[in-house]
Amino acid sequence: MRNLKLTPALVLGILALAAAIPMAFGVSLPTVGGAAALVALTGLLVEPGQARYHGMRGQLGQVGGANVEQEYKKVQQDLKDVGDQLKQFAEQSQADLKQHRQLSEESKEKVDQLLTTQGELNARLEAAEQAMANNRGGAPASILTMGARVAQSEEFTTRAAQLAQGGRGSFSVGVQQALTTAEAGGELSQPERVPGMVTPPQQRLFLRDLLNWGDTASNSVEFVRETGFTNAADVVSENPSAGKPESSIQFEMAQASVATIAHWIPASRQVLSDAGMLQSYIDGRLRYGLKLKEEAQLLKGSGVGLNINGLYTQASQYANPGVTVSDDSMIDRLRIAMLQVQLAEYAADGIVLNPIDWTSIELTKDSQGRYIWANPNAVNGPTLWGMPVVATQSLDQDEFMTGAFQMAAQGWDREDTTVTVSTEDRDNFIKNMVTILCEERVALTVYRPEAFVKGDFTIGSSGA
């Protein structure tokens, strides 16, 4: 009874037959008891069909998804036909009961046959449903081993119990499709799938962190910048006859336009709906690509057209103010550049290098082979002369820059980084595609270009 599926048609048939039992067999049974007895009888009739469930499930597991669906639809139609016939017998039996007529022997045999057929069809339907679920789950259909095919066969199900109780006889099971060795599976042996995605390495971005950032509600930022200062301050008497000395400061109006940085990719709407992880991964990669371009613009934007006027573009050229250095090295040159920033009345608070140059500095040794910068066994942060070092490929090898990032410049966010997914781009709607757009709007103002110094490490260049 656990495997019996009571359809509405079958319930009508059972109740009708339960009511017909007293007249058909001359047995006096309470109405409820008669129905219960007949339900138990139908359970026995269905049981042979259910016993073949495991065998059919094993067979269905080996066919393709299309064949399983055809079997599923055919069994559904057969079940409907059987249910319709049982309903007709139920209606006829009810009419006969009203006329005090007994159920004919032919009708009883037909009902028994229909109930048995329905039980077998229910078993086939359940096996088909299980096979379809396996196919939808993406698990490849596997060929059963010899032992598994014997254990799931119909012959084993019907004969094993008899043999276990001392019965005699034998049975045979066809195992033509069984695997005898792992290599026999050929292409059916599926490779192991590593969960998730292996992401490419990402460059660490720190240049944005060196700057102060503010928000703007306009498409450009105007500011007044000092271009010259003559300091005439001096010690004077209580009542100077010529008056007190006059200093002068020159200013100019400058403007920094807000630049839009954006990119997009097309994607399938179904793929993003079925794999939420994929959409979040794409969002992250688009944001990362945007930050790469932002860093390049903040450093080396040309200022022409829509480009940001970058820090490196506006920085003053390295020039040794007169410091005598023997055996000029990369570390020496950076320290002199910091001095140059200090002479512009600002204090350097950061250094930007190419990763190759920064590695060369870290590997610098003295005449005895000892590392100058730090002990490799210790934990050392990226700092030099007490300043944080930003190693970025946005600078070419042999280039460097230092300056007062916090005081002499400022970044502006017009629109924070956003990711937009739209189906209304071109013919996306009819193609089930989406467009994923990532963009931001930023600006950069440099209040004192002299507070940034750029140069290269080529020995013999300016200031060597």
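Brief remarks follow.
- Candidates D413, D427, D396: the one that is without any contact (Cβ under 8 Å) to a residue 60 or more places away in the chain and under 27 Å from I265 (Cβ atoms) is D427.
- Whichever residue in the range 63-86 is buried (at least 16 other Cβ atoms within 10 Å of the Cβ) and within 15 Å of T116 (Cα to Cα) and, among such residues, is modelled with the lowest pLDDT: L86
- Filter result for A217 (among the aliphatic types (A, V, I, L, M), surrounded by fewer than 10 Cβ atoms within 10 Å (Cβ to Cβ), touching a Lys or Arg at 6+ places or on another chain (Cβ under 8 Å) and within 26 Å of V446 (Cα to Cα)): yes
- Taking the range 368-464 and the strands (runs of 3 or more DSSP E) fully enclosed by it, the elements with 1 or more residues that are touching a helix residue (DSSP H, G or I) at 6+ places or on another chain (Cβ under 6 Å) and modelled with pLDDT of 90 or more are at 387-391, 399-403, 433-446, 452-456.
- Qualifying residue in the range 294-303 (condition: closer than 30 Å to L395 by Cβ, of a type outside the set (D, E), without any contact (Cβ under 8 Å) to a residue 24 or more places away in the chain and in a helix (DSSP H, G or I)): no
- Filtered residue count, the range 103-135, keeping only those that are at pLDDT below 70 and either assigned to a helix (DSSP H, G or I) or over 21 Å from V82 (Cβ atoms) (or both): 4
- Some residue of the range 241-254 being within 30 Å of V434 (Cβ to Cβ) and surrounded by 10 or more Cβ atoms within 10 Å (Cβ to Cβ): no
- Yes/no for D357 being within 23 Å of A254 (Cβ to Cβ) and crowded, with 18+ Cβ neighbours inside 10 Å: no
- Against the numbered list (1) of a type outside the set (F, W, Y); (2) closer than 22 Å to D366 by Cα; (3) in a helix (DSSP H, G or I), T324 comes up short only at (3).
- R225 meets the conditions (1) in a strand (DSSP E or B); (2) touching a Ser or Thr at 6+ places or on another chain (Cβ under 8 Å); (3) at pLDDT below 90 in every case but one. The failed one is (2).
- Residues being out of contact with any Phe, Trp or Tyr (no Cβ under 7 Å at 6 or more places or on another chain) and under 17 Å from T392 (Cβ atoms) - total across the range 353-379: 6
- Any hit, the range 321-331, residues being of a type outside the set (A, V, I, L, M), over 46 Å from the mean Cα position of the chain (by Cα) and under 16 Å from L384 (Cα atoms): yes
The values are calculated or read from the model by the stated rules, or taken from the named source; none is laboratory data. This one's a predicted model, so the numbers in the text were calculated from it and none came from an experiment. Glycine gets a Cβ as well: all are built from the backbone with ideal geometry, and neighbour counts include every protein chain shown.
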